[in-house]
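A.B. asks: For reference, the structure I am asking about is given below.
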2 protein chains.
Amino acid sequence: MTSALDQSNAQSGRIVISVDAMGGDQGPAAVVAGISSSAQINPDIAFILHGPKDELKRLVARKKNLAGRCELRDARDVVQMTDKPSQIMRQGKDTSMWSAIESVRNGEATVCVSCGNTGALMLMSVVRLRKLPGIYRPAIAVLWPSQNPQNFNIMLDGGADIRADAKDLMQYALMGTSYARNGFGLERPRVGLLNVGTEEHKGRSELKEAYDLIAANAHNADFDFVGFVEGRDLPGTTCDVIVTDGFTGNVALKTGEGTAGLISTLLREAFKYSPLSRLASVLAYTSLQRLKKRVDPRRANGGVFLGLNGTVVKSHGAADATGVSAAVKLAYQLAETGFTEKLAARVASASLLEQDGPTEISNDGETE
Amino acid sequence: MTSALDQSNAQSGRIVISVDAMGGDQGPAAVVAGISSSAQINPDIAFILHGPKDELKRLVARKKNLAGRCELRDARDVVQMTDKPSQIMRQGKDTSMWSAIESVRNGEATVCVSCGNTGALMLMSVVRLRKLPGIYRPAIAVLWPSQNPQNFNIMLDGGADIRADAKDLMQYALMGTSYARNGFGLERPRVGLLNVGTEEHKGRSELKEAYDLIAANAHNADFDFVGFVEGRDLPGTTCDVIVTDGFTGNVALKTGEGTAGLISTLLREAFKYSPLSRLASVLAYTSLQRLKKRVDPRRANGGVFLGLNGTVVKSHGAADATGVSAAVKLAYQLAETGFTEKLAARVASASLLEQDGPTEISNDGETE
């Protein structure tokens with residue numbers, strides 16, 4: 001199905017992002033506002049938007065800058081947050097999420113963005129896009145605010161799968177490295193393996209195996225392996241990419257969110273305490289806004305699904321226009337750098353490497 | 001060995017805490033300052049202090065309020081942070097840590113406090129105090145700042161052992177409940193089991209087994225089981241006790257510390273940004289101090305080793321006098337309530353229960 005709009009986008013050289021308008025807590029209006037703000041900033045972007053056509057038509061018509069840059073695809077159903085995997089695969093074909101993934105599958109769009117149910121999005125992505133050859137477990141890569149120059153660290157797996165063996169963790173290292181290179185422009189990312197201590201004798205035995213496997217691939221895959229890292233290194237500066245299984249990653253992610261939330265609540269309470277502290281809060285306003293912007297989860301919005309034939313960005317379910325726009329920006333960056341193809345090539349070359357067996361144990365990246 | 005001082009303490013009805021003066025980053029002076037500040041506040045406390053006698057004698061002599069309330073035990077060696085388990089068991093007998101545990105073992109003191117190497121402290125505690133009958137894996141219970149009325153939640157295991165099966169997790173629930181009751185005066189603590197989602201179908205299979213086992217014991221052990229909880233509930237208000245394996249617990253703990261540290265650094269930077277923001281920081285000083293006090297890790301200092309014949313409190317290695325004093329306060333509270341005996345009774349009754357088989361599946365504590 002190639003419409004006049006498709007052709008116009010193709011002719012303009014614009015990068016097309018497929019966006020699921022539904023499934024977010026704030027409804028399609030927030031999604032349309034988000035893509036409109038992205039379109040405002042970036043002239044090289046165009047959209048295919050999926051959802052109930054009449055409603056979307058009204059919302060898009062109000063945004064002048066989307067005229068001629070946003071094609072609509074009608075989809076009547078919406079994946080609910082409570083939907084179970086079996087339901088989704090039986091009844092999911094008419095949903096906006098399915099339709100959004102389909103646009104990546106058939107090559108109309110480069111990256112798909114959705115605010116919907118994570119489990120459903122991963123399941124549909126795996127079924128429709130298929131895993132890259134050699135990948136057993138796809139992963140979700142998430143961003144952590146950090147003090148590294150790029151302002152963020154990458155952690156994977158953020159919860160696509162609750163298990164990961166040594167080989168999976170090695171593949172996460174490769175995929176995370178590729179993401180860091182294409183998303184942040186880091187030439188030689190530093191990779192750490194999450195454990196309960198940095199000493200080599202600590203932790204679970206499968207982690208020791210993963211340690212050796214990652215170290216063996218570091219040289220050829222062009223990253224620095226810093227060895228075992230701890231929870232405090234997730235927002236730290238020891239490395240750029242942190243590799244762990246999805247269970248641990250998901251717990252860590254939500255612990256970090258919860259801790260930041262608690263501090264933010266207590267900070268508000270502290271400033272409400274007395275008339276003087278309320279005055280201080282007025283004067284401190286811009287300082288606090290500066291901090292808020294720096295750790296604003298909306299600006300680090302977008303878990304990237306890695307290991308599939310196509311790139312899918314999962315935006316936070318609660319994302320507002322700013323959050324959606326951040327996810328779209330990430331999607332654009334990954335599309336622009338040809339991330340999907342580069343990642344596939346990286347994984348393929350490692351599979352070859354593995355067939356040959358690692359010829360060299362390289363752990364030259366021990367940085368502290 | 002019963003000295004005149006022991007008798008005087010026994011006569012005074014004071015509770016005796018055994019304190020390892022060595023092994024902390026800040027040396028014995030910080031430890032002596034900490035116990036002195038505890039002695040100042042609490043007339044019902046006395047100490048046995050372990051370390052190089054001459055040095056300790058000088059330090060204690062400077063603190064008038066420790067006169068007649070602090071007995072010294074000479075120990076020449078110190079466990080180093082880098083010591084490995086094998087070294088410790090071969091060469092550990094002359095250390096201050098060993099000596100401090102020995103005072104609990106022979107009944108001179110009720111609780112032991114140490115700032116030293118966690119692994120060494122746990123190993124020596126297990127070897128010298130022995131595990132409670134029926135306990136396979138002892139655990140470290142740590143405190144999380146939270147918005148619950150008691151200001152803290154309890155998480156275990158904080159890293160004593162990297163594995164835990166369903167039965168271990170059930171015992172952690174019992175031990176954590178006992179700690180919450182004796183440490184915080186909570187009559188009916190709410191217990192949650194850490195997972196990647198709150199839905200019953202999520203997570204690892206051993207967690208589902210643990211879920212059933214904990215639910216089956218909730219009624220008889222007098223706690224409310226709220227079911228699965230997530231990382232964000234660690235600093236949250238959903239429950240008072242969070243149960244997890246030591247690997248996940250350790251990663252979560254360090255992730256929380258790291259996140260709090262990042263926000264604190266960024267907050268300082270935000271206030272340094274301009275002359276106006278520096279002025280605001282002066283006015284906001286007391287508000288920020290209020291916040292700092294609330295989440296100050298020194299005030300939540302003390303990981304409690306549970307599941308042994310005797311109670312051991314692990315203070316943070318970097319603890320200063322305030323931190324040591326907080327750990328001593330916790331030790332005193334646990335000693336005063338007869339925690340060791342109550343915990344042993346609780347575990348014994350659950351073992352009996354288990355022999356009979358649970359007769360009733362009780363999950364009446366589903367609160368939200």
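The values are calculated or read from the model by the stated rules, or taken from the named source; none is laboratory data. All values derive from a computational prediction rather than experimental measurement. Virtual Cβ from ideal backbone geometry, glycine too; neighbours counted across all protein chains shown.
A.B. asks: Can you name every residue in the stretch B:159-173 that is surrounded by fewer than 24 Cβ atoms within 10 Å (Cβ to Cβ) and either free of Cβ contacts under 8 Å to residues at least 12 places away in the same chain or of a type outside the set (D, E, K, R) (or both)?
C.D. replies: Within the stretch B:159-173, B:Ile162, B:Ala166 qualify.
A.B. asks: Which of the residues spanning the stretch A:254-301 are at the interface with chain B (Cβ under 8 Å from one of its Cβ atoms), closer than 30 Å to B:Thr248 by Cα and among the charged types (D, E, K, R)?
C.D. replies: Those that are at the interface with chain B (Cβ under 8 Å from one of its Cβ atoms), closer than 30 Å to B:Thr248 by Cα and among the charged types (D, E, K, R): A:Lys254, A:Glu257, A:Arg294.
A.B. asks: Taking only the stretch B:219-242 into account, find how many residues are part of a helix (DSSP H, G or I), small (Gly, Ala, Ser) and surrounded by fewer than 24 Cβ atoms within 10 Å (Cβ to Cβ).
C.D. replies: 1
A.B. asks: Here's something else I'd like to know. From the list A:Leu143, A:Leu121, A:Leu156, which one is within 14 Å of chain B (Cβ to nearest Cβ) and either buried (at least 24 other Cβ atoms within 10 Å of the Cβ) or at negative phi (or both)?
C.D. replies: On inspection, the qualifying residue turns out to be A:Leu143.
A.B. asks: Let me ask another. Contact list please: Cβ distance under 7 Å, first residue in the stretch B:266-285 and under 10 Å from A:Arg290 (Cα atoms), second residue loosely packed, with under 14 Cβ neighbours inside 10 Å, pairs at least six apart or on different chains.
C.D. replies: If the second residue must be loosely packed, with under 14 Cβ neighbours inside 10 Å, the pairs left are B:Phe271/B:Arg278.
A.B. asks: Are any residues in the stretch A:56-72 touching a residue at least 24 places away in the same chain (Cβ under 8 Å), among the hydrophobic types (A, V, I, L, M, F, W, C) and part of a helix (DSSP H, G or I), and if so, which ones?
C.D. replies: Within the stretch A:56-72, A:Leu56, A:Leu59, A:Val60, A:Leu66 meet the criteria.
A.B. asks: Run A:Ala75 past the list (1) touching a residue at least 60 places away in the same chain (Cβ under 8 Å); (2) on the phi < 0 side of the Ramachandran plot; (3) of a type in the set (Gly, Ala, Ser) and report the number of the one that doesn't hold.
C.D. replies: In the conditions (1) touching a residue at least 60 places away in the same chain (Cβ under 8 Å); (2) on the phi < 0 side of the Ramachandran plot; (3) of a type in the set (Gly, Ala, Ser), A:Ala75 misses (1) alone.
A.B. asks: Then there's this: If a residue must be assigned to a loop (DSSP other than H, G, I, E, B) and not basic (Lys, Arg), how many such residues does the stretch B:166-216 contain?
C.D. replies: Looking only at that region, the number is 12.
A.B. asks: Considering only residues that are polar (S, T, N, Q) and within 26 Å of B:Arg204 (Cβ to Cβ), which ones fall in the stretch A:154-197?
C.D. replies: If the condition is that a residue be polar (S, T, N, Q) and within 26 Å of B:Arg204 (Cβ to Cβ), then A:Gln171, A:Asn195 are the ones that fit.
A.B. asks: Continuing with the same structure: Quick one: is A:Met81 touching a residue at least 24 places away in the same chain (Cβ under 8 Å), assigned to a loop (DSSP other than H, G, I, E, B) and of a type in the set (A, V, I, L, M)?
C.D. replies: Yes, satisfied.
A.B. asks: Moving on. Would you confirm, using the coordinates I've provided, whether A:Ala46 is without any contact (Cβ under 8 Å) to a residue 60 or more places away in the chain and touching a Cys at 6+ places or on another chain (Cβ under 8 Å)?
C.D. replies: Criteria met by A:Ala46.
A.B. asks: Out of the residues in the stretch A:299-337 meeting the condition of being part of a helix (DSSP H, G or I) and among the small types (Gly, Ala, Ser), tell me which one is farthest from A:Met22 (Cα to Cα). Even if it seems obvious, please write down each step before you answer.
C.D. replies: Keep residues of the stretch A:299-337 that are part of a helix (DSSP H, G or I), which gives A:321-336.
Within this subset, residues satisfying the condition of being among the small types (Gly, Ala, Ser) are A:321, A:323, A:325-327, A:331, A:335.
Details: A:Ala321: 13, A:Gly323: 14, A:Ser325: 15, A:Ala326: 17, A:Ala327: 15, A:Ala331: 17, A:Ala335: 22 Å.
Going through the qualifying residues, I end up with A:Ala335.
A.B. asks: Would you be able to say whether some residue in the stretch A:207-217 is under 26 Å from B:Ala260 (Cα atoms) and free of Cβ contacts under 8 Å to residues at least 40 places away in the same chain?
C.D. replies: Within the stretch A:207-217 (the criterion being under 26 Å from B:Ala260 (Cα atoms) and free of Cβ contacts under 8 Å to residues at least 40 places away in the same chain), the answer is no, since none of the residues qualifies.
A.B. asks: Let me ask something additional. Out of curiosity, is A:Gly323 crowded, with 22+ Cβ neighbours inside 10 Å and closer than 17 Å to A:Ala33 by Cβ?
C.D. replies: yes
A.B. asks: I'd like to know if the stretch A:214-223 contains one or more residues that are closer than 15 Å to A:Gly176 by Cβ, polar (S, T, N, Q) and more than 12 Å from chain B (Cβ to nearest Cβ).
C.D. replies: yes
A.B. asks: Determine which single condition B:Gly310 fails, assuming it passes every other condition in (1) surrounded by fewer than 23 Cβ atoms within 10 Å (Cβ to Cβ); (2) over 23 Å from A:Ala270 (Cβ atoms); (3) in the same structural domain as B:Ala216 (by TED's automatic domain parsing).
C.D. replies: For B:Gly310, the exception is condition (3).
A.B. asks: Among the residues of the stretch B:243-257, is there at least one that is assigned to a loop (DSSP other than H, G, I, E, B) and either surrounded by fewer than 21 Cβ atoms within 10 Å (Cβ to Cβ) or touching a Gly at 6+ places or on another chain (Cβ under 7 Å) (or both)?
C.D. replies: no
A.B. asks: Here is a further query. In the list B:Val328, B:Val312, B:Val251, B:Val304, which residue meets the criterion of being facing another protein chain (nearest Cβ under 7 Å), touching a strand residue (DSSP E or B) at 6+ places or on another chain (Cβ under 7 Å) and not hydroxyl-bearing (Ser, Thr, Tyr)?
C.D. replies: On the way: B:Val328 fails: facing another protein chain (nearest Cβ under 7 Å); B:Val312 fails: facing another protein chain (nearest Cβ under 7 Å); B:Val304 fails: facing another protein chain (nearest Cβ under 7 Å).
After applying the criteria, what remains is B:Val251.
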